[in-house]
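Structure, as structure tokens:
The values are calculated or read from the model by the stated rules, or taken from the named source; none is laboratory data. Please read these numbers as outputs of a predicted model, since none were measured by experiment. Methodologically, a virtual Cβ is constructed for each residue, glycine included, from the backbone with ideal geometry; neighbour enumeration extends over all protein chains shown.
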């Protein structure tokens, strides 16, 4: 049995791995089979991760995080988790290839998945003009007219990126103000290929074999109108990926995994959660990385307490000590 | 075994005139999911070499074929039999999901 298994290979998972590996816990990190590196793998320039004043490409940043985690002894497995057994002191993780791994502590950092529009045409037209990945598919829309749905940073980034290829990019947003950061907004507003369509949502997507347009509904008046398009990129937000822990871990009203205060402790002892899967608000690479750090330190602490007394109650007592404001660092050093 | 590359020059010979069913992986260097799924395709290729040929087509270098087969999202996998597209799968998927999609051609 191992000390610790980390599920997830975004900034939270790899940062937790860096800390856990440096604590000589020899973490096993389950990276997924086709989504290694997480959401940043589909972004271009990351300009807000501290330490990279010139910016860094999302995939490069994730490659560096992985290299850093591996340098200290993290073992990375490229497979998907199909089931979890979290009850009791031994946590069991079963993978797509049938293997089961066991550990005393588990860090759950599965991030979030693109939110769908919820329209019946979505399934059929997905990959046929309807896309969730501008960096993958923008190339195929040279000199075309396309729309990006959404008003956050990802929508602005995608719209700006897509103007490299498309002749015209509409940004369709359900409100009359954007949620995106000022710098991303300004970049999109200043781009002459981008036109904003405010207070509008997509009521229907047109096309049988490929997207030909959409029906837009005005969110104020309810009025509908058609818009001809060659492509549609959806960036309306993300939902935490919790399907593997439904009924096993307590969730919040927002659907994220519930953790105690500023810690990473979930409703089950020995199971810690980090990154977008616990965060409905901030969802940044750097906050996820910070959250991964918290999870690794909490897990390290839990394991140390287990070892000290070989009883889970002791872990709880120490956990309470942290709640009462005793610095984690002090506790670790005192040991 | 790494799936071999085909180009506009070799497509007819390697894909359209192939006796076996051929899966063409439409991909590009700048597509993260394409790179992620690539080792899975290599595995499927070596496990089912007797039934299915798997080749890669770089859309950046072969835009005419990407256009001809109306590729608007990658990775896109198209299975050809006797020169005709008989199956299209779009997007990077875990191995069991891809195997299920391709069941008719590998089992």
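Scanning segment A:39-57 for residues that are assigned to a helix (DSSP H, G or I) and either touching a strand residue (DSSP E or B) at 6+ places or on another chain (Cβ under 7 Å) or more than 14 Å from chain B (Cβ to nearest Cβ) (or both) yields a single hit, A:40. All of B:65, B:98 fail the test of being within 13 Å of chain A (Cβ to nearest Cβ), buried (at least 19 other Cβ atoms within 10 Å of the Cβ), farther than 28 Å from residue A:32 by Cβ and touching a helix residue (DSSP H, G or I) at 6+ places or on another chain (Cβ under 7 Å), apart from B:65. Going through (1) over 18 Å from residue A:131 (Cβ atoms); (2) within 14 Å of another protein chain (Cβ to nearest Cβ); (3) assigned to a loop (DSSP other than H, G, I, E, B) one by one, residue B:87 falls short only on (3). The single condition among (1) in contact (Cβ under 8 Å) with a residue 40 or more places away in the chain; (2) within 18 Å of residue A:43 (Cβ to Cβ); (3) touching a strand residue (DSSP E or B) at 6+ places or on another chain (Cβ under 9 Å); (4) more than 14 Å from chain B (Cβ to nearest Cβ) that residue A:227 does not satisfy is (2).
Kindly evaluate residue B:59 against the criterion of being within 23 Å of residue A:58 (Cβ to Cβ), buried (at least 16 other Cβ atoms within 10 Å of the Cβ) and in contact with a strand residue (DSSP E or B) (Cβ under 9 Å, 6 or more places away or on another chain). Give the derivation first.
Numbers: within 23 Å of residue A:58 (Cβ to Cβ): yes; buried (at least 16 other Cβ atoms within 10 Å of the Cβ): yes; in contact with a strand residue (DSSP E or B) (Cβ under 9 Å, 6 or more places away or on another chain): yes.
So residue B:59 fits the description; yes.
Report yes if some residue within segment B:84-95 is over 14 Å from residue B:15 (Cβ atoms) and without any contact (Cβ under 8 Å) to a residue 12 or more places away in the chain; otherwise report no. Within segment B:84-95, not a single residue is over 14 Å from residue B:15 (Cβ atoms) and without any contact (Cβ under 8 Å) to a residue 12 or more places away in the chain.
Being over 16 Å from residue A:268 (Cα atoms), assigned to a loop (DSSP other than H, G, I, E, B), out of contact with any helix residue (DSSP H, G or I) (no Cβ under 8 Å at 6 or more places or on another chain) and more than 13 Å from chain B (Cβ to nearest Cβ) is the filter here, so list the residues in segment A:66-116 that pass it. Correct list: A:99, A:115. Please determine, by comparing only the residues of segment B:17-37 that are farther than 14 Å from residue A:59 by Cα and more than 14 Å from the chain's Cα centre (by Cα), which one is farthest from the other protein chains (Cβ to nearest Cβ). Looking at residues that are farther than 14 Å from residue A:59 by Cα and more than 14 Å from the chain's Cα centre (by Cα), I get B:19.
Results for (1) under 27 Å from the mean Cα position of the chain (by Cα); (2) crowded, with 16+ Cβ neighbours inside 10 Å; (3) within 30 Å of residue A:280 (Cβ to Cβ); (4) modelled with pLDDT of 95 or more, shown as yes or no for each residue.
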position	(1), (2), (3), (4)
A:185	yes, yes, yes, yes
A:195	no, no, no, yes
A:200	yes, yes, yes, yes
A:207	no, yes, no, yes
A:238	yes, yes, yes, no
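Is there a residue in segment B:61-80 that is without any contact (Cβ under 8 Å) to a residue 40 or more places away in the chain and part of a strand (DSSP E or B)? No - not one qualifying residue is present in segment B:61-80. Residue by residue through segment A:10-38, note down the ones that are under 13 Å from residue A:75 (Cα atoms), touching a helix residue (DSSP H, G or I) at 6+ places or on another chain (Cβ under 6 Å) and within 14 Å of another protein chain (Cβ to nearest Cβ). Listed by number, the list is empty, since nothing qualifies. Counting only residues that are in contact with a strand residue (DSSP E or B) (Cβ under 9 Å, 6 or more places away or on another chain) and within 16 Å of residue B:26 (Cβ to Cβ), segment B:62-94 holds 21 of them.
Here residue B:53 clears all of (1) outside any helix (DSSP H, G or I); (2) touching a residue at least 40 places away in the same chain (Cβ under 8 Å); (3) crowded, with 19+ Cβ neighbours inside 10 Å except the condition numbered (2).
Of the set (1) at pLDDT below 95; (2) touching a helix residue (DSSP H, G or I) at 6+ places or on another chain (Cβ under 9 Å); (3) within 14 Å of chain B (Cβ to nearest Cβ), all apply to residue A:146 but (1).
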